[in-house]
Amino acid sequence: MGREEQKVTGSRYLVVPRTLCFVFHGQDVLLLRGNPDKRLWPDQYNGIGGHLEAGEDLATAAQREIREETGLTVHDLRLRGVVTVDVEPKMGVLIGVFSAWADSLEFLDSAEGRLAWFHADDLPSERMVPDVPLLIEKVMDSPTKDQPFSARSRYDVNGRLLIEFARQE
């Protein structure tokens, strides 16, 4: 199929691709508390990730974001799920959710915010991006051999972020 046959037009639902990675070391997960002046999720804990750059696939972008934001070299990077976030009626965000493992607890400071390791049973949920605790739980509860989950996030009339996971059979 050629470029013209792809039918990428403004009349279709369009997405901005992003990555979100949860880096683990044993039962600990590395989270990034965004700087107070960040446009998205200031002062809230999130996984590691960001936008894809031109020419990148999801896995390459996840590896790059981990390296840029943490300085860590990770292994066993795996796609764990895909989340579609409805932002506008015909526009949204498509997030590739990954897990990865670090051999070391030592990271480099990030210009994006402050990094910290948290035990999976003691996450700072009240200070996290709203769907992140659910995503971490989903990643930790599903064996790596399972197929990736699929989910949809949307905003309710009060601006609260809601997430719904598709049933897997």
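Per-structure values
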quantity: Test: Leu72 is buried (at least 21 other Cβ atoms within 10 Å of the Cβ), touching a Phe, Trp or Tyr at 6+ places or on another chain (Cβ under 6 Å) and assigned to a loop (DSSP other than H, G, I, E, B); calculated: yes
quantity: Selection count, the range 131-163, where residues are of a type in the set (D, E, K, R) and loosely packed, with under 10 Cβ neighbours inside 10 Å; calculated: 4
quantity: Residue within the range 119-130 that is in a strand (DSSP E or B) and in contact with a strand residue (DSSP E or B) (Cβ under 6 Å, 6 or more places away or on another chain) present; calculated: yes
quantity: Scope the range 80-95; condition farther than 12 Å from Phe22 by Cβ and touching a helix residue (DSSP H, G or I) at 6+ places or on another chain (Cβ under 8 Å); matching residues; calculated: Val83
quantity: Qualifying residues in the range 101-127 (those that are surrounded by 13 or more Cβ atoms within 10 Å (Cβ to Cβ) and farther than 21 Å from Gln44 by Cα) - the one farthest from the chain's Cα centre (by Cα); calculated: Ala102
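Per-residue answers, yes or no, for (1) within 25 Å of Gly71 (Cβ to Cβ); (2) of a type in the set (Lys, Arg); (3) in contact with a helix residue (DSSP H, G or I) (Cβ under 9 Å, 6 or more places away or on another chain):
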| site | (1), (2), (3) |
| --- | --- |
| Ala120 | yes, no, yes |
| Val139 | yes, no, no |
| Asp146 | no, no, no |
| Ser153 | no, no, no |
| Ile163 | no, no, yes |
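A short reminder: the numbers here are calculations on the coordinates, not readings from a lab. The shown structure was predicted, so the numbers you read here are calculated from the model rather than taken from an experiment. Virtual Cβ from ideal backbone geometry, glycine too; neighbours counted across all protein chains shown.
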